[in-house]
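The structure under discussion appears below in the form of structure tokens.
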Amino acid sequence: MTRRGSIAGLPPLAAWMAGAARASVGRTLAVVIAIAIGVGMGLAVYLINRTALDEFSGAVQFLLGDTDLELRGPRDGFDEAAYARVARLPEVAAASPVIEANARVEGSRAGAAVALRVVGIDVLRVAMLNAGLVPEVARVGVGGDGSTGSDRRSTSVLFDADTVFLSPAALEWLGVAPGDVLQVRVGAALKTLRIAGTLPGAPRGQRVAVMDIGAAQWQFDRLGVLSRIDIKLRQGTDEARARQSLLAVLPAGVDIATPADAGKRTSNLSRAYRVNLNVLALVALFTGAFLVFSTQALSIVRRRPQIALLRALGASRGRITRMLLLESLAVGAIGAAAGVALGIGVAAIAIARFGADLGGGYFPGIEPRFVLEPFGVALFFALGIAATLAGSAAPILAARREPIAGGLRAFPQALPSRRSRAGVLPGLLLVGLAGVLVVLPAWSALPLAGYLSIALLLVAGMLLTPSIGRRVFQSVEAALRRTDAPAWLQLAASRARAATGMTTLALASVVASFAVMVAMAIMVSSFRSSVDQWLVSVLPADLYLRSARDGDTGYLSPQDLALMRAVPGVATIEALGTGSITLDPLRPAVALIVRPIDASDPGARLPLIGRALPAPSGRVAVYVSEPAARIYGLQPGQTVTLALGGQAVECFVAAVWRDYSRQFGAITLDTDDYRRFVPGARPTDAAIWLAPGATAAAVTASLAAALPDFERFELAEPGAIRAYSLRIFDRSFAITYLLEAVAVVIGLFGVASTFSAEALARGREFGVQRCLGMTRREIALQLAAEGALFAALGALIGGLLGLAISLVLIDVINPQSFNWTMPLDLPAGFLAVLAVALVLAASVTAVVSARGALSVAAVRAVRDDW
Amino acid sequence: MNSFGARRRLLAALAALPSLPAAGQSTAVQPGDTAGQPRYPTVRRGVPLVFPRDFGAHPEYRTEWWYATGWLQVLGAAHAKAPPLGFQITFFRSRPQVDTRNPSRFAARELVLAHIGLSDERQRSLAHDQRTARAGFDLAGSSTTDTDVWIDDWRFSRRTARAGASRYIASIPGNRLGFELQLDSTQSLLLHGEAGFSQKGPLERQASYYYTQPHLAVSGRVVRDSAALEVTGRAWLDHEWSSEILAEGATGWDWIGINLDDGGALMAFRIRDRSGRTLYASGTWRSGAQGAAPRLRTFGPRSVVFEPQRTWRSARTGATWPVGMRVTLGAGSPDALTLDLEAMFDDQELDARTSTGIVYWEGAVTARQQGRPIGRGYLELTGYHTAVVL
Amino acid sequence: MSALLELIDVGKRVGIDRPRTLFEGLSLSVQAGESVALVGESGTGKSTLLNVMAGLDRADRGRVLLDGIDLETLGDDALASLRRRRIGFVFQAFHLLPQLTLLQNVALPLQLLDVPRLEARPRALAMLEAVGLGGRADDPVQQLSGGEAQRVAVARALVHRPALVLADEPTGNLDSDAADGVLELLRTQVKAHGAACVLVTHSMRAAGSADRVQRLTAHGVAPEPEAGTA
């Protein structure tokens, strides 16, 4: 059998070319790694988010079942009387009342105190809407006479005041089994609940417990209130009409949402975070494609004689193109496959170690289980190959156009035509376009225009780099020519000025990666210093006591507060409670913070942006966090209607304050104002000011002695809270640091591959220089200087570009995706160190990658001539 | 999500409710402290029933039901030749063993259940439906002053009509199966046992308060598969409440309630053990109301005999039912009353394993004496599939 | 008076697996200002011999003395320094540095000798004038024809006044008119600067411009009688 392209044992054409690719194993490997990193990061982010969202929407689906409409109240709940009114509506076929709590479970295998989602249901009602929530009574403690004993108990067990039914995931997580008990902290009390069975309908990974609604109201001190009512409409009922009827019987603050709305809200919860991570992954992939471009271009240039020879021997253009495409595809496929493996591995490890939100805290109560999603794998594999092909397209087209004779010239000029001017106009146009884009508003709450402008800036930067480089290096060379600088330095400057297309490409990749790094560094630094200042201003007291960290069932009772006030060394105590309030059913709820606020000086407790307006008499003043102000378009002086205690209350927006901890917004109001509408408000936190001379340690000890069950509280000094918060901040940015580092490493890969290839091409040049009497050291210095010059320019352009991008990040992306603003903080020292490191790294890279050429005897280099 | 399985789980658990004539022999099962444990009153001999109070519910007792069964004839020329229909409308209330100290309005102090069924000879099948809810928020509950028990829009209530007679209204809206019936009393109440104290087992405490309103004149509408049928007929209403009924070892029971054509009424039941032997039995017969003082006879365990005559095996469940039953009251005495019961059709089995979790047979029957029809009523058979586990 | 360049019994073998003797017992002496042409068959090692003379390649045996110094005793840097000061090169393929102008190429040897800019520039310019390209000092080298490029190479080889110019087939890439011009220029400029010149060529025409012609064989060099006194 004759193989195509193989004659009498000669290798086929592709294999012959593959030999050429083999010769540049290092570069090919770099391409594979770059693609793999881009694909891997993107896929990992995608898989992690898919896992989180799947789990979370699974939870929503599980908790809502066949519900047609969900009537959801604020976190504090709403009056249960609405249930009877809703259930009696003619449009309503079935209504299922629900009370939800995040119970603080103490002393389980999962930890000293963990939050367990507890859903209080009327099992008889929920069965009509959501059979998945129906518990199965475990047959425990059955005697020898069969099941009689347990069955006799089973009915009551469903309704008992102290029984709870756990999903399999919750049982496993807490290390308990039916028949065991759970210790649950409610306020100061530790309550014992019996695990009477399981929830066979709970999807894998859902940590949830079900209780009788009456029992839950009693046990969690939520008498008289419901969290939500799920309803099923009578067949043929018009939903719009049903909504009208419902609105008429619902108290203010209860929203009507469909399960799809709930899913949307869930997805909105993490959307900004998700999109931002995905964009970072795309940056890695983009940089990878760039490296493919430079590598492939280089390898095609190097193989011009071979390609020309093949063409002279009769291979068609199409055949050459196919061959080169195949080669790129192979490299891309290997890289993408490696990336897929990397992505799956990273996602699996990250989910296991940090949870599906990577510590972002968006998806509590779910035990993440890594699920491999074929669509995502295929998508990112394809993206990897597409990036490779995109990177190869231009060089392959160039090879197609190459006239045969040009490649066959004995000494082809290794310098492809420099068209440094070609990019100037498009580059400037792109800069202009980017400038227009940044003033555009967010697109469906995503800063897409901002991202696009960043992409345009990056492309523009790369387009303009050759021209800027030429101008800068011309000046550098001219300046050096006017001095008696050593010959190697002058030669380096000349060489830099006359840079080849390849070298400017490497330079552009350095520019791109350094710009991204600088932009992120500036953004993170600005963000961090803002957060730091913000922390200082939101933590004015000497000690902070917290009761609700795990779950929402812990709180400070009036007795607790009284006991604390009596502790010697305590000068003042301010209690703070947190609830939630929904201003738009499609958006995550806004935090409601209730604390003493001095209306004449709200700035004492809140980091105000601008000045506070005095509320007109008789109006409740509320202080709106910046994200809330931006999301809901609230400005000081405006009126906002809040549902407080089931009443719609017209509140006066007195001021906007900076907040970095509640992305979906927060509204603060004074404790006394709040109590007028909700008498039984429960504080969860307390800020403690010490008397002169009292020490935090001594007061802590006294509080521990004075308060019963002191372990239910967490006590921290502001410094510790600040340190802890900044630690969390740094951790959540760890992934961005990683991606930046990847980008820079890919950039340096580009430098290395370019210099090593150039060094080979410049072997003769070095030989001549040695003949002229230059030492190896001088040539190495020249190379180092070339690398340094390139890197310095790269750092300069990249730095400026990075600054521009950071402004987009700070002033466009952040406000649009997270709804907070921050002042610019330039980490000059750090950036200088980064730039110097880049220059040094490039110098070393240049010398190291060219050392092969240096070690070849000069003779060999000029050998062709002799 | 398999709602089928979940519903079965729920209702299997509910089946254990003391809703059907059922109860546990012991109430104090809460481990450790018994504070907040509900105390169920014991049914006592000699406590007179007082009406209209005792028409109403008795929430303290563990279980209680209003059980209306009867035969209906469809009115209208189109239905002139239609065979009669059998119907069953039952409301139960049950008091679960939950902590009485829970102040929550949702605390399950009382559960209300309703079962309805319609036997149609032409379709040879039983249509049925059921509802369950906890009492509260006026959405479900029962009145303690007169018969009035409801779940959402299903309601069974009584009011006093002319001359002290009772008028019951069964309002059970539904498209597939529904009832709008008015049931008027034509006779006085029939108190079972000793003036309403009805022993159900060998022990004194295994008893219920039990009275019947026989010979209710029925008129109204039945909805079957969205078609409304004007009906008229004759019904039987039981009202029974107790805290503890079944004796230890009981696996099921047979029960009949027959409106005799002569105006008389007959009720009999027996409790069976695992081997099918009668653990306890009792019966009541009242003569037709032609005379001023109808004759009333009550029968003790030894004088009530149930003898299966013909069985029918359900292909659906594999259970074998004694659908032809001979019941003798006053066995051994010269004026013994013997009835042969013949089902309207055999398959009146209620395979409620997916709802109440048990399989029982609840069917319209004709009573014959020496082959001659003398009355119509309902036969209830339980424990022939698996033991009724309570 | 000692010779500028002295080769004494020099031998060179090439190849590692099956070593072959390229030449052996080769002795040659070049006096200051003398011009010598080396001719020989292809493969006799003319280029290698030139490398050995420049200290770019080491002889396997024998001694090579430049200015009386044995190159064998010098290290890499010292050899580079010696080349910088004493030797000029002319290559077959010119090997001008593409990124530099004519003037910068010519000035490069002076730069390498740390000649101050203010002195180097006029000297390089003068050198370019001497090869007839003074008017194009600031042009890039890519625009040159082969003959012009080799003129620039000649200028670069002589600008730092080396004692010895090593020319390797300087006319190999040129047509005959250009070749004549370049040979003439090389001859006159070498004379003008008082330098010695070793010219490797296979063209007898080119060899004819030298003071003497030596033929390289596997067993050394011998005078080429016919061309000897041209």
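For this structure, a couple of remarks:
- Residues B:SER119, B:SER243, B:SER166 arranged by fewest to most Cβ contacts within 10 Å: B:SER166, B:SER243, B:SER119
- Trypsin sites (Lys or Arg not before Pro) restricted to region B:110-200 and DSSP loop, no more than 14 other C-beta within 10 Å: B:ARG122, B:ARG124, B:ARG176
- The phi torsions of region A:818-827, fed into the Karplus equation with coefficients 6.51, -1.76 and 1.60 and a -60° offset, translate into couplings of 10, 6, 10, 10, 7, x, 5, 9, 8, x Hz, rounded to whole numbers, with Gly and Pro shown as x.
- Residue mean of other protein chain beta carbons inside 10 Å, A:763-770: 4
- In plain terms, the residue of B:HIS239, B:HIS128 with the fewest other Cβ atoms within 10 Å comes first and the most crowded comes last, giving B:HIS128, B:HIS239.
- Debye intensity ratio in log₁₀ form over the Cα atoms of the protein assembly as shown, taken at each q of 0.04 Å⁻¹: -0.47
- Listed residues B:LEU49, B:LEU279, B:LEU183, most fluctuating in chain B (Gaussian network, C-alpha, under 10 Å): B:LEU49
- Distance between modelled label sites at B:ARG313 and A:LEU826, nm, 7 Å Cα→Cβ extension: 9.6 nm
- Size descriptors for region C:85-208 (Cα atoms only): Rg and Dmax, in that order, 13.3, 42 Å.
- Footprinting exposure proxy for B:LYS81, A:LYS232 (fewest neighbouring C-beta atoms within 10 Å first): B:LYS81, A:LYS232
- Shielding by partners - mean other protein chain Cβ count within 10 Å, residues of A:112-124: 2
- Cα gyration tensor shape of chain B, rounded if a/c is under 1.5, else prolate or oblate by comparing a/b with b/c: rounded
- Cα-only radius of gyration and Dmax that characterise region B:246-390, units Å: 15.4, 49
- Rule-of-thumb Rg ratio for region C:7-74 [Cα; 2.2 N^0.38 Å; N residues]: 1.11
- Shielding of peptide A:61-68 by partners, expressed as the average count of other chain Cβ atoms within 10 Å per residue Cβ, is 1.
- Fluctuation leader among C:LEU113, C:LEU166, C:LEU26 - chain C, Gaussian network, Cα springs under 10 angstrom: C:LEU113
- Against the empirical 2.2 N^0.38 Å (N residues), region A:543-716 has a Cα radius of gyration ratio of 1.08.
- Sites matching trypsin sites (Lys or Arg not before Pro) across region A:419-496 that sit in DSSP coil, with at most 14 neighbouring C-beta atoms within 10 Å: A:ARG419, A:ARG421, A:ARG482
- Charge sum, other residues only, whose C-beta stays under 15 Å from A:PRO441's C-beta, Lys/Arg counted +1 and Asp/Glu -1: 0
- In plain terms, the C-alpha convex hull of region A:779-843 casts an average shadow of 4.6 nm² when viewed from every direction.
- Within the protein assembly as shown: Cβ-based charge dipole about Cα centre, in debye rounded to nearest 20 (Lys, Arg +1; Asp, Glu -1): 2240 debye
Where a number appears in this text, it was derived from the coordinates with a stated rule and is not lab data. Small disclaimer: the values here were computed from a predicted structure and weren't measured. Reconstructed Cβ throughout: ideal geometry from the backbone, glycine too, with neighbour counts over all protein chains shown.
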